[in-house]
Every structure is written in structure tokens, then in C-alpha cells.
Amino acid sequence: MKFSCPNRLACLPGLASKIAGIAFFVFHFTVTCAQTISQAEYFMDTDPGVGNGIPLTIATPADPITFTESISTTGLTPGYHILFVRTRTSDGIWSLYDQRDFIIIEAITAAEYFVDDDPGIGNGTPLSIAPDQLTISATIPTASMPDGDHFLFVRTRHQNNKWSMSEPVAFYIQARIVEAEYFIDTDPGFGNGTPLAVGAPSPLLTLNTAITLGALPNGDHYLFVRTKDVLGKWSFYEPQLFQVDDTLPIELLDFSATMTDNGSVKLNWTTLTEVNNDFFSVQHSVDGYEFAEIAIVIGAGNSTTPRHYSKLHDHAVNGKNYYRLKQVDFNGRTTFSKIVAIDMVKDAGISIYPNPASNEWFIDFSSAQKTDSWLIELLDVNGRQCMEFSTSGEKVIHFSRQELASGIYVLRITSSSGDLIVRKMIFK
């Protein structure tokens, strides 16, 4: 457990100061009747009389005059003080004074903490503190503390040997889990579910358990899991929907992705049988998590013989491309295939930067392996063209994002000799 605790008051508004240190001031004075300000002085708390204060330097008499001065606070007692400044004109007339309030903060000499119960002043656990330290930053061990709610108290001792008040800070030691159980559809009551194996008590529990469904009827069902901690309290549960269907919609023999000679990706899959198979949604991803539909392929409906399918993806990005099939029944139910990946490497010495881009971005053909003319296309993840640009002989081309939304795009660069470079482009 870490905390950061301020232990000294800040100065009052209008003046900065520190113990045995320097305070910085800027003053501005104006006189009238063609006089100039030629002298200035200051004093602390008590007026020693006009002309008897501590002189302040004025290099050149003027009207108005602005000057900056560093004033030492060394020797002042801790507590509230007032600084006064006044000036004298060239004809010997002194001004009224201008005042600033400030506080000299008392030095802290010791600090201690305790948890929950006060052992008495000076009997807490000491905290390391350096002279003139303004902030305490410490790590408080909690390993031996029991689970549940607690209060941390910190107090400090000043150079006059007086201890400060302590203010509680609430914190919680997460209760360790000692039991877990599950049930399906109907709650049998706390402690009456099917037990799940739990190792040593821990505040975080990860379960990787095969759950026996038994003779559940086809249709929607809900799985519930809850845990009990060392304090005897059961957690809430969150239902997880699942479906039971003993009729497989398809038997998928294989699903693969291969790169073609022109830089596209060819997807092939084969089914052995199909039952009420309406269509396949072919999906693409650049990160393996977020998928977007790129094509619909109609299924065979019902079939007991092998069926072969294929689809060409022309907008693969440079680098990793991920694909999966979403199979949809006539009744709307869906299943997913495994995910297949292919690494597209298409370079030709062309640089795109910055990527990700905020507004402006560039394509650099300076190191291109060929000096062809180029067709540049920017497509969204659904294959819709957002930009088209042709160039010939230019080394660096400057682009503006314009009204393009944030997200992932596909940049296709085609040379006049037929070479294709495909890159992923991200706009922040």
C-alpha cells in the first residue's frame, strides 16, 4: 500500500516563502506631480518608523517604477507574519505601505503511522523523514493485516515537540476466495451449487474447468458461478448465456488462406455435411480480435456430400491478416470456424509516415526499387474507396487527412508495371 501525505501548510495568497529561504516579490508604484521614486524600504510585522526600515535597491529613480527583490525569511519564528514595503519620492515624501501576509511553516522532525487502533502518541510505526521535507511517500506493508475494511492514520511531530492530529484514510484488504460453485438455470441456494475446485485462498480466482451439462434440452440456458471469501460472504453472480443444440449445422473439413501472385488472399474451405445452412459470412481482422464482414457466400442448405467454397480478398493489409467464417442457419443461429492467419509482406522500399497519423501524412518513394508511376488508393475496412491519387516521378507526396474518420484503413499502391503494395493505415 502506498500513500502520499502533505505535512506542511502552503503560504497565504500573494506571497511565497520558506524557512531560512528566499521570498520573491514584484512591486509596482506610481507617483504624480512630476516626482520620481528614489528610495524604498521594507519591514516585518512592526513598523520601526519612516526611513528606519531595511533598504531596497532602486537602480534608477523613475515614475512609475517596478522592481523585483529577494527578501530573506531567515530568523523569523514559525507562524503568521506581515511584510510591509513603502517608497520615498525625490522630494522626500514617503508613501503609505503595501503589505503581504505569509506564514513561516514549522519544521517537521518526526512522523509515524498506525492502522485501526491508536497505540498512543510516539508509539506508532516510524516513517523516515528528512529535515524540511514537505511530503511523505512511504510503502505500508499489509501482508499481515486481516481481510476487510481498515483505517490508516498518519501524524507528524514539529520542532516544538507538538504532535499533529491524525486523519483516517480508509482502505480495504480484498477478501481471499476459499470456495466456488456453479449452477445452471435455477439457483439451488447458497452453498448448494456444484462445487468448483479452489486451490490456496487468493483474492483472485481463475477457473479453467470442464462443466458437465448433463441431459439439458436443446435451446438457451444460463450458467451461473459465484464464490465465497474467508469472511463467509458469497459474491454476486453474472449469468452466461449458452445454447444446447445436438444437431451440428455443418461439418467443416478445412479452412485455409493463401497469398496470390497479385497480392490478394484466397480463402478456401470444404464442408462434409450441411444442415439448414443458409450462408457463410466471411470476416477479416487486422488484430485477431475485431472482425469485419468482407463477403457473403451462400451455403448449400442441406447436403451430405463434400462442398468446396472459395473467396478472394483483394484488400489485405501489409503484415498479419486474420480470417474466420461465421456460419448462419436458416433460423438465425450462428457458429464460428477457427481463425486462420496469413502474413502479407509487400514492401518495394516505399515508406509511409507517420503511421498512425493524426492529420498530415506522407508517402516516400525515394528508396523505391522501381521508378514507375503509381496509383494510390485508400480503402476502409469494408473495401469502400475513400481516396484515389496518381503520381509519376514524385519522390515524397504529402497528404491531408481531411474528413476521414478515426480508424483503420487499407492503403493500396499499384505500380504501372503491376506491382502491388498493401499497407495498414491508422488515423488517430
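The values are calculated or read from the model by the stated rules, or taken from the named source; none is laboratory data. Fair warning: this is a prediction, and the values are worked out from it, not measured in the lab. Glycine also receives a Cβ, built like all others from the backbone with ideal geometry; neighbour counts cover every protein chain displayed. Ligands, DNA and RNA are stripped out before the accessible areas are found, and what is left, the full protein with its side chains, is counted by its heavy atoms. Shrake-Rupley method; radii C 1.70, N 1.55, O 1.52, S 1.80 Å.
For D63, the solvent-accessible surface with a 1.4 Å probe is about 60 Å², rounded to the nearest 10. Cα centroid separation, the range 171-211 to the range 42-78: 73 Å. Within the accessible area of the chain, the carbon and sulfur atoms contribute 52%, probe 1.4 Å, all protein chains present. Once all protein chains are placed together, D287 keeps about 70 Å² accessible to a 1.4 angstrom probe.
Taking all protein chains as they are arranged and a probe of 1.4 Å, the heavy atoms of W234 leave approximately 60 Å² accessible to solvent.
With 28 Å as the limit on Cα-Cα distance, the pairs of K395/K428; K338/K428; K266/K395; K326/K424; K228/K338 that go past it are K338/K428; K266/K395; K228/K338.
I'd like to check one number: the per residue accessible area of the chain, probe 1.4 Å, reported in Å² as a whole number. Kindly include the intermediate steps, with their values, before the conclusion.
Working: 24460 Å² over 428 residues.
The answer is 57 Å² per residue.
Between S406 and K266, the modelled labels are 4.0 nm apart [label points 7 Å from Cα along Cα→Cβ]. Length gained on full extension, Y222 to I82, computed as 0.36 nm times the residue gap minus the Cα-Cα distance: 43.1 nm.
Stretched out straight at 0.36 nm per residue, the stretch from V50 to Q133 would grow longer than its current Cα-Cα span by 26.0 nm. Remark: C-alpha extents of the chain on the principal axes read 113, 76, 34 Å, sorted largest to smallest. When every Cα-Cα distance of the range 154-303 is counted in 5 angstrom steps from zero, the calculated P(r) takes the values 2, 6, 10, 10, 9, 9, 9, 9, 9, 7, 5, 3, 2, 2, 2, 2, 1, 0, 0 percent.
Between T206 and V297, full extension at 0.36 nm per residue minus the direct alpha carbon distance yields a gain of 28.8 nm. Computed over the range 255-333, the P(r) tail beyond 21 angstrom holds 31 percent of alpha carbon pairs. Simple rule: put +1 on each Lys or Arg Cβ and -1 on each Asp or Glu Cβ in the chain, find the dipole, and look at L223, G393, T74; the Cα lying farthest toward the positive end is G393.
For the chain, what's the relative contact order in percent, using C-alpha pairs closer than 8 Å and at least 6 residues apart?
Numbers: 909 pairs, mean separation 36.4, N = 428.
Averaging sequence separation for qualifying contacts and normalising by length gives 9 percent for the chain.
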